[in-house]
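Bear in mind these aren't lab numbers, they're just calculated from the coordinates by the rules spelled out. Predicted model, so just to flag it, every value in this text is computed and none were measured. Backbone-built Cβ (ideal geometry, glycine too); neighbour counts: all protein chains shown.
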Amino acid sequence: MNQSHTIEKNLLKQVIVVEGDSSLRRSMVNHLMLDGYTVTGVGSAYDFYRQVFEEPYALAIIDSDLFDQNGLVVAEYARKNTIMRIITLSDPLSSTTVPAKIKAGADINLVKPVDFRLLAACVTTLFSRISL
């Protein structure tokens with residue numbers, strides 16, 4: 001499942017959002033779509049793996065507190081098996097430290113509640129670092 005080290009132009013705006021809170025997930029998906037990204041939202045690690053197996057993404061936004069698997073495991077999988085950029089999301093009282101999230105593969109960690117302007121800025125910045 002390893003993707004090549006560059007991303008085709010048509011994948012440059014492909015984002016997958018992995019968030020267990022369906023309301024927050026819909027809001028993030030809608031906001032990023034308004035910014036011109038092609039976004040898929042899923043609510044579990046299982047759905048993430050299934051979706052990534054079916055099509056490649058350039059960026060993953062991953063909740064670190066998923067109900068079916070620790071989001072850091074998902075981030076680590078994405079880092080080791082794809083070339084996706086990774087943003088992790090965490091609750092302010094999460095016991096997982098930011099260094100652990102970075103070690104698992106996160107490029108950026110954002111704390112909930114998510115400021116959508118900051119999220120969009122992070123997505124734009126990460127996409128600017130992807131080589132074509």
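Taking a ≥ b ≥ c as the square roots of the Cα gyration tensor eigenvalues, the stretch 9-128 comes out rounded, since a/c falls below 1.5. For Lys103, the aspartates and glutamates whose Cα comes closer than 14 Å to its Cα, not counting residues fewer than 8 places off in the same chain, are Glu76. Coupling constants for the stretch 23-37 follow from the phi torsions by the Karplus curve (6.51 cos²θ - 1.76 cosθ + 1.60, θ = phi - 60°), and in residue order they are 5, 5, 4, 4, 5, 5, 4, 4, 4, 5, 5, 5, 7, x, 8 Hz; glycine and proline get x. Distance between the 7 Å Cα→Cβ label points at Ala100 and Arg50: 2.8 nm.
For the pair Asn70 and Asp91 in one chain, pulling the backbone fully straight at 0.36 nm per residue adds 6.2 nm over the alpha carbon distance. Using only Cα atoms, locate the centre of the stretch 13-45 and the centre of the stretch 54-72, then give the distance between them in Å, rounded to an integer. Distance between centres, Cα-based: 11 Å. Of the chymotrypsin sites (Phe, Trp or Tyr not before Pro) found in the stretch 57-132, the ones in coil according to DSSP and having at most 12 other Cβ atoms within 10 Å of their Cβ are Phe67. Projecting each Cα onto the charge dipole of the chain (Lys/Arg +1, Asp/Glu -1 at the beta carbon, about the Cα centre), which of Gln69, Phe127, Val29 comes out farthest on the positive side? In the chain, that residue is Phe127.
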